[in-house]
Amino acid sequence: MSDEELTAWIASAARAIAAYYGTFPVSRAIVTVHGGGGGGVSSGRTVGVRGTGRIAIAVGNAATPADLKTNWELVHEMVHLAFPSMNDAPWIEEGLATYVEPLVRARAGLAPGADIWRWLVWGLPRGQEALAGSGLDGARSWAATYWGGALFCFDADVAIREKTGGKKSLDDALRAIVREGGNVTVSWPLERTLAVGDRGTGTTVLRDDYAGMRSRPPRDDLPGLFAKLGVKGEGGENGSLTFDDGAPLAGIRKGITTGK
């Protein structure tokens, strides 16, 4: 892998993030690529240190230029740049990156829009099951942290779009947080972060959804909601989906996919 190919990969991810948020979320970021070893792209980690976002990611000797074009890890790590550090709520940091990463990549033309729904259909039921005994505040397992947190974000996105007639979305909440200076270089309480996001949408959806899920298992009817969104079929890497544009919430599905 040449330096030019690695630099182009990083720049492509950064442009996609800037397009989603309307700006790059930090004034300075250092991306360290650890080369060597087996495998492809792996082991990403993001932190904020003295006003600078720092990302470390591994690119093994087996990685190819094609791997970089289909890679999701670096965009996932860059989503972390755009949210305050949380000392006691890892589910929102990881769940948000899990939910937003495919939106960023699809809207930038780095992945098919159907990929969003293949992974949501696969992952959200796992998050719901993992939260069944705890709610968000007790989220500790991988599935509860990543996919339970993603379920919170998905539910909020759909609810904001419904309440505002499609005029606002989770996108607007996250952009408002970045505008207020909420990024990985600062540490905010969760309540402040959700309140800033709610002001960005003119709703109380984030705070209401958290109140409903913090200590109780989510009661989503996910098959029913996917049907209303017009999503049918199996998710996952080898899943096959079809989309019904006549479904009641098909417009919300299209909005989530395209950002329009």
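Laboratory data are not the source of any read-out in this text; all were calculated from the coordinates shown. Note that the structure is predicted; figures quoted are calculated from it, not measured. Every residue, glycine as well, gets a Cβ built from its backbone with ideal geometry; the counts of neighbours run over all protein chains shown.
Quick look at the numbers
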| quantity | calculated |
| --- | --- |
| Beta bridges per DSSP with both ends in region 1-102, % antiparallel, nearest 5 | 50 |
| Cα→Cβ-extended label distance, 7 Å offset, between THR32 and ALA19, nm | 3.0 |
| Percent of beta bridges antiparallel (DSSP, the chain, rounded to nearest 5) | 55 |
| Helical contribution to [θ] at 222 nm, DSSP H n ≥ 4, -39,500 (n - 2.57), averaged over the chain, rounded to 500 | -16000 deg cm²/dmol |
| Phi to ³J(HN,Hα) by Karplus 6.51 cos²θ - 1.76 cosθ + 1.60 over region 184-191, Hz, x for Gly, Pro | 5, 7, 10, 10, 10, x, 4, 4 |
| Gained length - GLU5 relative to GLU191, 0.36 nm times residue gap less alpha-carbon distance | 62.9 nm |
| Vicinal HN-Hα couplings computed from phi for region 228-236 (Karplus, 6.51 cos²θ - 1.76 cosθ + 1.60; Hz; Gly/Pro x) | 5, 6, x, 10, 10, x, 9, x, x |
| Peptides ranked, highest mean first, by Cβ atoms within 10 Å: ranges 168-174, 111-117 | 168-174, 111-117 |
| Region 143-204: C-alpha gyration tensor shape, a/c 1.5 cut-off, then a/b vs b/c | oblate |
| Residues whose placed amide H lies under 5 Å from that of VAL31, excluding near-sequence neighbours | ILE55 |
| Residues with amide H under 5 Å from that of PHE83, placed H, sequence gap 5 or more | VAL184 |
| Spacing of the two label points (7 Å from each Cα toward its C-beta) at ALA250 and SER43, in nm | 4.7 |
| Under 12 Å, Cβ to Cβ, from SER240 - net charge with Lys/Arg +1 and Asp/Glu -1 | 0 |
| For region 164-181, 3J(HN,Hα) per residue [Karplus equation, 6.51 cos²θ - 1.76 cosθ + 1.60, θ = phi - 60°, Hz, x = Gly/Pro] | 9, x, x, 7, 10, 7, 4, 3, 5, 5, 5, 5, 5, 4, 5, 4, 7, x |
| Global form of region 23-177, assessed from the alpha-carbon gyration tensor, a/c cut-off 1.5 | rounded |
| At 1.567 mPa s and 4 °C, Stokes diffusion of the chain via Kirkwood alpha-carbon radius, µm² per second | 69 |
| Spin-label model distance (nm) - ARG50 vs LYS232, 7 Å beyond Cα toward Cβ | 5.9 |
| Interchain or long-range residues, amide H under 5 Å from GLY44's placed H | ALA58 |
